[in-house]
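Quick notes on the structure that follows.
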Amino acid sequence: MSSSIPVGLQRAVVLLSGGLDSATTLAIARAAGFDCYCLSLDYGQRHRIELDSAARVALALGASEHRVLHLALDKFGGSALTDTRIAIPVDGVQPGIPATYVPARNTIMLSLALAWAEVLDSRDIYIGVNAIDYSGYPDCRPEYIAAYEAMANLATKAGVEGRKLSIHTPLLSLTKAEIIRCGSKLGVDYRHTVSCYQADERGRACGVCDSCRIRREGFSAAGVADPTSYVLSPHEA
């Protein structure tokens, strides 16, 4: 992709996983007039196929650049997403923090985005965290984002020099159905996205993990046809 900057556009770093939420977030940033630089992280996740989706989404939605950084969080483990010895939960969303929580993942990703934003002279970072239809992750809460933004403005050259950095969370208070309706209006092709925690090598979803359940229920509630490719049909899963 070209890295040329159209005159008058401000740059934003967009964290892009390849899933439904981050694709919608990229579309929102583009609609807001930002020149978008997408950052994905290969952290040793078992659903690494999502990185292929991220590349397709970045291209389809006109990102100026898409970079993938490699950081082997699977060397630490501690999550069903980075340690194959820990089973992916498939019995429905349960109270508490699930086994798919990756310790400090959003803190790590935001820190990398912050570093790139400083290099790009960008004051804006977009992340698709959600505090309603989510799996109970502590680093998706509004108080966490507010605290991180405050820290970022204390810890960077730009912040010290008065160039305030903002962390945008446009999906924070939206239901999954509202997210899907928003993205559909902005032209997001959700066929390009992968949300499943254990998608196969073709990107087909299992249909039974927490992420699959939340995604499928979101499309149903939104009244939008679900374009997800499943290993089994939703009725068989």
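Take the stretch 112-123 and flag every residue that is under 18 Å from Leu69 (Cβ atoms) and either assigned to a loop (DSSP other than H, G, I, E, B) or among the β-branched types (Val, Ile, Thr) (or both). Once the filter is applied, which keeps residues that are under 18 Å from Leu69 (Cβ atoms) and either assigned to a loop (DSSP other than H, G, I, E, B) or among the β-branched types (Val, Ile, Thr) (or both), the stretch 112-123 yields Val119, Ser122.
Which one is nearest to Leu20 (Cα to Cα), of the residues in the stretch 213-230 that are open to solvent by 60 Å² or more (accessible area, probe 1.4 Å) and either in a helix (DSSP H, G or I) or out of contact with any helix residue (DSSP H, G or I) (no Cβ under 9 Å at 6 or more places or on another chain) (or both)? Out of the qualifying residues, it is Arg216. Being within 23 Å of Ala146 (Cα to Cα), at pLDDT 95 or above, more than 13 Å from the chain's Cα centre (by Cα) and not in a loop (DSSP other than H, G, I, E, B) is not true of Ser22. Taking the conditions exactly as written (modelled with pLDDT under 95, within 17 Å of the chain's Cα centre (by Cα) and closer than 25 Å to His70 by Cβ), does Tyr126 satisfy them or not? So Tyr126 fails the test. Within the stretch 86-96, does at least one residue satisfy the condition of being loosely packed, with under 14 Cβ neighbours inside 10 Å and in contact (Cβ under 8 Å) with a residue 60 or more places away in the chain? Scanning the stretch 86-96 turns up at least one residue that is loosely packed, with under 14 Cβ neighbours inside 10 Å and in contact (Cβ under 8 Å) with a residue 60 or more places away in the chain.
Name the residues in the stretch 97-111 that are under 15 Å from the mean Cα position of the chain (by Cα) and surrounded by fewer than 18 Cβ atoms within 10 Å (Cβ to Cβ), would you?
Ala104, Thr107, Ile108, Ser111
For the stretch 132-157, the candidate set comprises residues that are modelled with pLDDT of 95 or more and of a type in the set (A, V, I, L, M); within that set, the residue that is farthest from Ser79 (Cα to Cα) is Leu154. Of all positions in the stretch 58-73, none carries a residue that is touching a Ser or Thr at 6+ places or on another chain (Cβ under 6 Å), touching a residue at least 40 places away in the same chain (Cβ under 8 Å) and buried (at least 23 other Cβ atoms within 10 Å of the Cβ). Summed over the stretch 27-57, the residues that are more than 22 Å from Gln198 (Cα to Cα), part of a helix (DSSP H, G or I) and open to solvent by less than 20 Å² (accessible area, probe 1.4 Å) give a count of 2. Val188 falls short on exactly one of the conditions (1) among the hydrophobic types (A, V, I, L, M, F, W, C); (2) crowded, with 16+ Cβ neighbours inside 10 Å; (3) assigned to a helix (DSSP H, G or I), and that condition is (3). Residue-level analysis places Val160 among those that are over 21 Å from Gln45 (Cβ atoms), modelled with pLDDT under 95 and either more than 19 Å from the chain's Cα centre (by Cα) or of a type in the set (D, E, K, R) (or both).
Check Leu165, Leu174 and return the single one that is open to solvent by less than 30 Å² (accessible area, probe 1.4 Å) and in contact (Cβ under 8 Å) with a residue 24 or more places away in the chain.
Values: Leu174 fails: open to solvent by less than 30 Å² (accessible area, probe 1.4 Å).
Criteria check complete, one pass: Leu165.
Evaluating Gly77 against the criteria (1) open to solvent by less than 20 Å² (accessible area, probe 1.4 Å); (2) under 17 Å from the mean Cα position of the chain (by Cα); (3) not β-branched (Val, Ile, Thr) leaves one unmet condition, (2). Within the stretch 178-203, being in contact with a Phe, Trp or Tyr (Cβ under 9 Å, 6 or more places away or on another chain) and closer than 16 Å to Ile88 by Cα holds for one residue alone: Cys196. In the stretch 132-161, of all residues being open to solvent by less than 40 Å² (accessible area, probe 1.4 Å) and not in a helix (DSSP H, G or I), the one that is farthest from Thr25 (Cα to Cα) corresponds to Thr156. For Ala205, only one of the following conditions fails: (1) modelled with pLDDT of 95 or more; (2) among the small types (Gly, Ala, Ser); (3) more than 27 Å from Thr82 (Cα to Cα). What is its number? Of the numbered conditions (1) modelled with pLDDT of 95 or more; (2) among the small types (Gly, Ala, Ser); (3) more than 27 Å from Thr82 (Cα to Cα), the odd one out for Ala205 is (3).
The values are calculated or read from the model by the stated rules, or taken from the named source; none is laboratory data. On a predicted model such as this, the values are computed, not experimentally measured, just so you know. Here the Cβ is made from the backbone with ideal geometry for all residues, glycine too, and neighbour counts use every protein chain on show. Ligands, DNA and RNA are stripped out before the accessible areas are found, and what is left, the full protein with its side chains, is counted by its heavy atoms. Shrake-Rupley method; radii C 1.70, N 1.55, O 1.52, S 1.80 Å.
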